[in-house]
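Derivation of every value follows stated rules applied to the coordinates shown; laboratory data play no part. These numbers were taken from a predicted model, which means no experiment stands behind them. For neighbour counting, all protein chains shown are included, and Cβ atoms are generated from backbone atoms with ideal geometry for every residue, glycine included.
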Amino acid sequence: IAIRMNDTDKPSIVLGNPVNGTFTNSANVTFFFTPDDVSSGIANCSLVVNSTINQTSTAIALSQENNITTTLSDRLYAWTVNCTDDSPDHNIGTNTTEKIVIVDTTNPAITVKTPVNNSYIYGSALQLFSINVSESNSIKNATLYYKRNVVTDFSSSNLSCLQKVCNTTVNLLTT
């Protein structure tokens, strides 16, 4: 007589890096996770990107941090991991909390609207700098670097951006 105990315990998975909301300028992204199972080992784990299995690994260490690296194009991704245990029941566990990673490998295209490049500005202390930014993702921050004259060091000013147009006003007479 053979007695077989059913394994109904699903693997649990803790997601590691990249943390939720990560921006990366690299197309190669490494996803970290730690699987565990109270009754069995782990047969395999799959990286799930935007609700689709991206890659599966069978070289998984139980209760230790593992990783899967994949190449992604520029866009926003929701990711999680599911793992299957090595019991005869092949229980599948999924971390139901997806994390977001944004891949952006393309630099923004910047066009200065005002003032015209290499302009000399006379008679006014305040100068509006207006810049168009072409970017597939949202603009996180922008900084203008400028010189008041040929002998001073560069100065900087943070720009406020709205709908891909960034503006700042600089007092060119102060030192």
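Ranked by the mean number of other Cβ atoms within 10 Å per residue, highest first, peptides 36-43, 16-23 order as 36-43, 16-23. Its Kirkwood hydrodynamic radius, worked out from the mean inverse distance over all distinct Cα pairs, puts the range 25-116 at 15.0 Å. Packing, taken as the mean count of other beta carbons within 10 Å per residue, orders the peptides 83-95, 59-71 from highest to lowest as 83-95, 59-71.
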